[in-house]
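This report concerns only the one structure given below.
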Amino acid sequence: MLKYGFNALKAIPRLFSYRNDIDIYTEDRIADKEFYRTLFKNLLGDIRINDVTPMGCKANVLKAYDTQSSDNKRRKYFIIDGDLDLIIGTNRKEENNLIILDSYCIENYLIDEKGVIEFIYFSKGTESKENLKAKLNFEKWLSYNTPCLVDLFINFGILKKFGGGPSLNSANDYLKQDGKQTILDQAKIQAYSNSVKKEIVNLLKEKGYTDPELTYGNEYNELNEQWATNNDTLLKIVSAKNYLLPLLQFRITHCIDKGKSIVPKASIKLFLANNSSLKRLKFLKDKIK
């Protein structure tokens, strides 16, 4: 729920124009202000962005974009997540000062080996980066999570395409212990994905499709061809906010031997915003600069 009304939120940049060279509208919450300030400082360098205007949801950002005044000559950008529309190709066309992320959400760009190793190095304080890099085993960690999560999000996309409202849940609902570390329980995720498939087939039956299983299979194969099951796809279409960052919390905790004390997600997120390479956000940098 928004703390302020839509019109009040939309007008906020005028109050802080002296603190910002450009105005940025996002989907997120006021609590994310420091995260975005840090992210844009890392990404854009000398362009001042001390405040963003969080509109709460994609629909509000798009409404703000559609109703922007042509009389206001300040540079401004409206940034929306790719989310499930990215998977099924139903996002609006990017135009003018509307920017659509080419990954599920802004947090996806933080899942970066360089930044993660830096975080572990300074948190641990007693081991070399080389040792910690080997312990993290970043690509192997991604590969473990890729098959089941890509499958799940393709099913989420299909369900949305046919009018269903998938509940994304969180990685924290599908965990297990593997020795001293907490990891994703692939069997639980597969069961969840199968339940989403059943929901899709039942929805297709209700809509009068003569062969719902065949329709589902064709849709799945088409999307799976577009979104190959690999680590790059994982980093694009699986929500980092719901899945990848929570899983990274446990991976980092294991690497720095914190035992049952979990490193706060907000701390990881802010550190990565400041220390990740953000190479995959080059398109956003080019658009704004």
extent check for segment 135-180: Cα max minus min per principal axis, descending, whole Å, gives 43, 20, 11
Ranking Met55, Ile30, Leu175 by how far each Cα lies towards the positive end of the charge dipole of the chain (+1 on Lys and Arg Cβ, -1 on Asp and Glu Cβ), the top one is Ile30
Taking a straight Cα-to-Cα line shorter than 16 Å from Lys289, and setting aside same-chain lysines fewer than 8 residues away, one finds Lys41, Lys76, Lys279
Going residue by residue through segment 139-152, the Karplus relation 6.51 cos²θ - 1.76 cosθ + 1.60 with θ = phi - 60° gives ³J(HN,Hα) values, rounded to whole Hz and with x marking Gly or Pro, of 5, 5, 4, 4, 4, 5, 8, 5, x, 6, 6, 5, 4, 4
Loop-resident trypsin sites (Lys or Arg not before Pro) in segment 39-119 with no more than 13 other Cβ atoms inside 10 Å, DSSP not H/G/I/E/B, are Lys73, Arg74, Arg75, Arg92, Lys93
Which residues qualify? For Gly82, with a placed amide H closer than 5 Å and at least 5 residues away or on another chain, they are Leu101, Ser103, Cys105
Label model pair Gln181, Lys93: point-to-point distance (7 angstrom along the Cα→beta-carbon line) in nm is 4.6
All alpha-carbon distances of segment 111-278, grouped into 10 Å bins from 0, give the whole-percent distribution 10, 35, 30, 16, 8, 2, 0
Between the modelled labels at Asp46 and Asp257 (7 Å from Cα along Cα→Cβ) the distance in nm is 4.6
Set Lys63/Lys265; Lys63/Lys236; Lys73/Lys236, cut-off 32 Å on Cα-Cα distance; pairs above it are Lys73/Lys236
Restricting to Cα pairs under 8 Å and 6 or more apart, the percent relative contact order of the chain works out to 23
For segment 117-159, the Cα gyration tensor yields equivalent-ellipsoid semi-axes (√(5λ), largest first, whole Å) of 33, 10, 5
Expected unfolding gain across Tyr144-Ile30 under the 0.36 nm per residue rule, minus the alpha-carbon gap, is 37.6 nm
Contour minus Cα-Cα span, Asp211 to Asp21, at 0.36 nm per residue, comes to 62.8 nm
By the C-alpha gyration tensor axes a ≥ b ≥ c (rounded if a/c is under 1.5, else prolate when a/b exceeds b/c, else oblate), the shape of the chain is oblate
With label points set 7 Å from each Cα along the Cα-to-Cβ direction at Cys57 and Asn221, the distance between them in nm comes to 3.7
As straight-line cross-link partners of Lys258, the qualifying lysines (C-alpha separation under 20 Å, not fewer than 8 residues apart within one chain) are Lys124, Lys129, Lys133, Lys135, Lys176, Lys180, Lys269
If amide H atoms are modeled at 1.01 Å from N in the peptide plane, then the residues at a separation of 5 or more from Ile24, or on another chain, having amide H under 5 Å from its own are Thr53, Tyr77
Once normalised by the length of segment 111-278, the mean sequence separation of its alpha carbon contacts under 8 Å that are 6 or more apart gives a contact order in percent of 37
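Laboratory data are not the source of any read-out in this text; all were calculated from the coordinates shown. These numbers come from a predicted model, not from an experiment. Glycine gets a Cβ as well: all are built from the backbone with ideal geometry, and neighbour counts include every protein chain shown.
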